[in-house]
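I have placed the structure first, in the form of structure tokens, so that the comments after it can refer back to it.
The values are calculated or read from the model by the stated rules, or taken from the named source; none is laboratory data. Just so we're clear, the structure is a prediction, and the values are computed from it rather than from any experiment. Neighbour counts are summed over all protein chains in view; Cβ atoms, including those assigned to glycine, are modelled from backbone coordinates with ideal geometry. Ligands, DNA and RNA are excluded from the accessible area calculation, which covers all protein heavy atoms including side chains. Shrake-Rupley method; radii C 1.70, N 1.55, O 1.52, S 1.80 Å.
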Amino acid sequence: MIEVKNLTKYYNNFCAVDGINLEIKKGEILGLLGPNGAGKTTTLRMLTGFFKPTAGDIMVKGISISDNTLGVKELMGYLPESAPLYHNMLVYDYLCYVAKIRGITGEKIDSRLKELSELCGLSNIMHQSINELSKGLKQRVGLAHAMMNDPEILILDEPTSGLDPNQIAEIREIIKRIGKEKTIIFSTHILSEAEATCDRIVIINKGKIVADDSTQKLKNYAASGDSLFFSLYNLNGDNSFADEVLKNLRNVGSNIEIVKKEPLEKGLVSFEIHTNSHDSKYSGDSGSFIKDLRKEIYLKIKETDWIIAEFKRESKTLESIFHELTKGN
Ligand code: ADP
């Protein structure tokens, strides 16, 4: 549906988007995730034909955006971060106006407005002035605007920015509903947002893609970084037994690393076990899940006179992967 090749944008000497390559399939809900300043808005503005790339190209259904910008714009609906609305108009009047600009005429205007008011939950506010609406409701009017010409692709820039949790949930539901029939690309810097709504997540940092995978695979990747923590007491109160523990436990699993933590108190030593397979660069490989080694470790410890003071398993979250991949921004 959309093919992005080596997309690059310079603002004077500053490279905001640095050679992005992407293929977006029909019907995908793709979340473009990244910290502030990562290049999300710049990327979306190039995708919608509002900005000309410094280099690279975007093909939409085989049409090059640089050859036929208007043709590509026809296929898209775009909701910028702050919906550009005429605040002194009634919602109904505003959407009629947008419909006419979009070339909808006569009775078709009312039938389209009815469809959109149902889709975007506007039925109760059609005859209210836009400046009386909450930010969440304004955003829904903006969404109806973007959907007016029934585009195949919907591009949303931070659609939930500044909304309260209830409004976020409402917009999320509408995006999911629309996503059953359309291709949707939306940007966000909120990971839970992308996780809850998207089939696929692309993380960008400093203008470059640092991860691109299905939401499920990214979650699996996060889970592959599970760690085990445990603390042991030695009955004679001596910490020097830590090296003996390390030696004993080294073979409980393959491809694992056991790290000794600073002793918290005399006779108490803590350890962390994690897989070796993670480096900070996302490889697209979900890696081997850390095998649950609790049983093996317990049995080893049982052979000794060490006492288990604490034992827990900690899962890495998608959040920690996001921080790892975008640190230094
Ligand atoms: P994001 O949407 O991820 O927050 P942007 O695409 O808005 O990121 O910005 C990416 C980088 O480009 C930022 O460092 C920003 O300051 C810079 N930038 C954005 N727009 C302009 C502009 N019109 N002129 C110069 N620099 C810009």
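In the context of the full protein assembly, Tyr78 retains an accessible surface of approximately 40 Å², using a probe radius of 1.4 Å and ignoring ligands and nucleic acids.
Put a plus charge on the Cβ of each Lys and Arg, a minus charge on the Cβ of each Asp and Glu, and nothing anywhere else: the dipole of the chain about its Cα centre is then about 480 debye.
Summing Lys and Arg as +1 and Asp and Glu as -1 over all other residues whose Cβ lies under 12 Å from the Cβ of Ala169 gives a net charge of -2. Helical content of the chain, expressed as a calculated mean residue ellipticity at 222 nm, amounts to -9500 deg cm²/dmol (DSSP H runs of 4 or more residues, -39,500 (n - 2.57) each, divided by residue number, nearest 500).
Approximating the spin labels as points 7 Å out from Cα along Cα→Cβ, the Lys114-to-Lys295 distance works out to 6.3 nm. Phe14 to Ala196: FRET efficiency via 1/(1 + (r/R0)^6), r the Cβ-Cβ distance, R0 30 Å, to the nearest 0.05? About 0.35, to the nearest 0.05. Percent antiparallel among DSSP beta bridges with both residues in the chain, to the nearest 5? Here the antiparallel bridges make up roughly 70 percent for the chain. Legend: P(r) of the chain from all alpha carbon pair distances, 10 Å bins from 0, whole percents, reading 5, 22, 24, 18, 12, 10, 6, 2, 0.
Shown here for region 208-251: trypsin sites (Lys or Arg not before Pro) in loop regions (DSSP other than H, G, I, E, B) with at most 14 other Cβ atoms within 10 Å, namely Arg250. When the solvent-accessible area of the chain is split by element, carbon and sulfur atoms take up 49 percent of it, the probe being 1.4 Å. Computed with a 1.4 Å probe on the full set of protein chains, the accessible area for Phe14 sits at about 130 Å². A simple spin-label model places pseudo-atoms 7 Å from Cα toward Cβ; at Ser134 and Ala309 they are separated by 4.9 nm. Taking Cβ atoms as reference points and 9 Å as the exclusive limit, the residues near Lys260 contribute a net charge of -2, counting Lys and Arg as +1 and Asp and Glu as -1. Remark: accessible surface ordering of Ser82, Ser129 (largest first) is Ser82, Ser129, probe radius 1.4 Å.
Rolling a 1.4 Å probe across the protein heavy atoms gives the chain an accessible surface of 49 Å² per residue.
Heavy atoms of the protein only, probe of 1.4 Å, neighbouring chains included. What is the accessible area of Tyr11 in Å², nearest 10? In the full protein context, Tyr11 sits at about 90 Å².
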